[in-house]
Amino acid sequence: MSAKTPVALAVAGSDSSAGAGLQADLKTFSALGVYGATVVTAITAQNTKAVTAIHIVPPDFIAAQLDAVFSDLSVAAVKTGMLGDAKTIETVADRLAQWAAGLPIVVDPVMISSTGSRLMDRSGETALKERLLRQAALLTPNIYEAAALLGVDAAQSEDEMKRQAERLLRLGPAAVLLKGGHSAGPLATDLFFEGKEFRFHSSSRIATRNTHGTGCTLASAIAAFLVRGFILEEAVSQAKQYVHGAIEHGRDLNIGDGFGPISHFYRQVN
């Protein structure tokens, strides 16, 4: 019998409008030629304008999902998204320590939605820093999530991004991708830092409001490229190119009245 097909696992919340969360993760995995599995941590009622309700899945059921996936599927990389609260994070951290030792874990610290809704409570932020970040191969905060994790103002310059990336690395992840898409200027500039050299990745901004789910998509794309055998920074570079194209091809979509989704399937890999 041939070896089992490698799997990318998304541990995150569900988005009823399907632009972000697990739905975006699965679209990304499929578009990039990777089999995706999921663990549902929360169910959200949301659309392009707002998150109107959140139901956190009980920790024992989250644990059961993780056990079911890891005991049968050949997971090669993990992406975490919306985790919500401390109990969820502790459960996920415990199970990943049991099942995912040695696997790359991409942690997207989903704290605030693109529509402005808070998706993680304060105790969750503490648990994230004390438990999960130490298991991460890569942490992917935007400038506002980085500021919340560090208790400072959002970075306004590349020098401030460097200082914050250094501090984030001291929280435990092996590498940091500090995303600058929410900052001002003609370029969207992210900073990749593994502890030695600061490397900036820039792309031109695209005039569109269809940006819902870009953070989820970037993190899941990085996980997908890791499954496909790319080293970490190459996976980051490939993922950024994919997301930029998905934004560009999705700018003419007319879905909802708020921040619409991007076009995940503009490029498909068999």
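The values are calculated or read from the model by the stated rules, or taken from the named source; none is laboratory data. The structure presented is a predicted model; accordingly, all values stated were derived computationally and were not measured. Positions of Cβ are generated from backbone atoms using ideal geometry, with glycine treated the same way; all protein chains shown enter the neighbour counts.
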Check your understanding: Does PHE200 fit the bill of being in contact with a strand residue (DSSP E or B) (Cβ under 6 Å, 6 or more places away or on another chain) and assigned to a strand (DSSP E or B)?
Key -> yes
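Can you say whether GLU130 is free of Cβ contacts under 8 Å to residues at least 12 places away in the same chain and either surrounded by fewer than 20 Cβ atoms within 10 Å (Cβ to Cβ) or in contact with a helix residue (DSSP H, G or I) (Cβ under 9 Å, 6 or more places away or on another chain) (or both), as far as the supplied structure shows?
Here the answer is yes, as GLU130 does meet what is asked.
Could you identify the single residue in ALA155, ALA148, ALA188 that is over 18 Å from the mean Cα position of the chain (by Cα) and within 25 Å of PHE259 (Cβ to Cβ)?
ALA155
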Point to revise | Subset of segment 20-46 [surrounded by 21 or more Cβ atoms within 10 Å (Cβ to Cβ) and not aliphatic (A, V, I, L, M)] | key: GLY21, GLN23, ASP25, LYS27, THR28, PHE29, GLY36, THR41, THR44, GLN46
Review point. Restricting attention to segment 84-101, which residues are at pLDDT 95 or above and in a loop (DSSP other than H, G, I, E, B)?
Key: ALA100
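On the basis of being among the charged types (D, E, K, R), crowded, with 23+ Cβ neighbours inside 10 Å and touching a residue at least 12 places away in the same chain (Cβ under 8 Å), does LYS49 make the cut?
no
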Check your understanding: Hey, LEU119 hits all of (1) at pLDDT 90 or above; (2) within 17 Å of the chain's Cα centre (by Cα); (3) not basic (Lys, Arg) but one; which does it fall short on?
Key -> (1)
Exercise for review: Report yes if some residue within segment 204-227 is part of a helix (DSSP H, G or I), under 16 Å from the mean Cα position of the chain (by Cα), free of Cβ contacts under 8 Å to residues at least 40 places away in the same chain and crowded, with 18+ Cβ neighbours inside 10 Å; otherwise report no.
Suggested key: no
Review point. Could we say that LEU149 is free of Cβ contacts under 8 Å to residues at least 60 places away in the same chain, in contact with a Ser or Thr (Cβ under 8 Å, 6 or more places away or on another chain) and in a helix (DSSP H, G or I) here?
Key: no
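Here is a list: ALA155, ALA174, ALA101. Which entry is among the aliphatic types (A, V, I, L, M) and surrounded by 19 or more Cβ atoms within 10 Å (Cβ to Cβ)?
Result: ALA155 is the single residue among ALA155, ALA174, ALA101 that is among the aliphatic types (A, V, I, L, M) and surrounded by 19 or more Cβ atoms within 10 Å (Cβ to Cβ).
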**Study point:** Qualifying position, being touching an Asp or Glu at 6+ places or on another chain (Cβ under 7 Å) and either in contact (Cβ under 8 Å) with a residue 40 or more places away in the chain or outside any strand (DSSP E or B) (or both), among PHE192, PHE230
**Key:** PHE192
Check your understanding: Only one of SER16, SER74 is in contact with a Pro (Cβ under 6 Å, 6 or more places away or on another chain) and either over 27 Å from LYS240 (Cβ atoms) or modelled with pLDDT of 95 or more (or both); which?
Key -> SER74
Exercise for review: Any chance you could count how many residues in segment 13-51 are over 14 Å from ALA77 (Cβ atoms) and either touching a Leu at 6+ places or on another chain (Cβ under 6 Å) or not in a loop (DSSP other than H, G, I, E, B) (or both)?
Suggested key: 19
Exercise for review: Return a yes/no flag: does segment 254-264 have any residue that is in contact with a Leu (Cβ under 9 Å, 6 or more places away or on another chain), charged (D, E, K, R) and either over 27 Å from ALA100 (Cβ atoms) or surrounded by fewer than 23 Cβ atoms within 10 Å (Cβ to Cβ) (or both).
Suggested key: no
Check your understanding: Within segment 52-83, can you find the residues that are among the small types (Gly, Ala, Ser), surrounded by fewer than 21 Cβ atoms within 10 Å (Cβ to Cβ) and not in a helix (DSSP H, G or I)?
Key -> ALA53, SER71, SER74
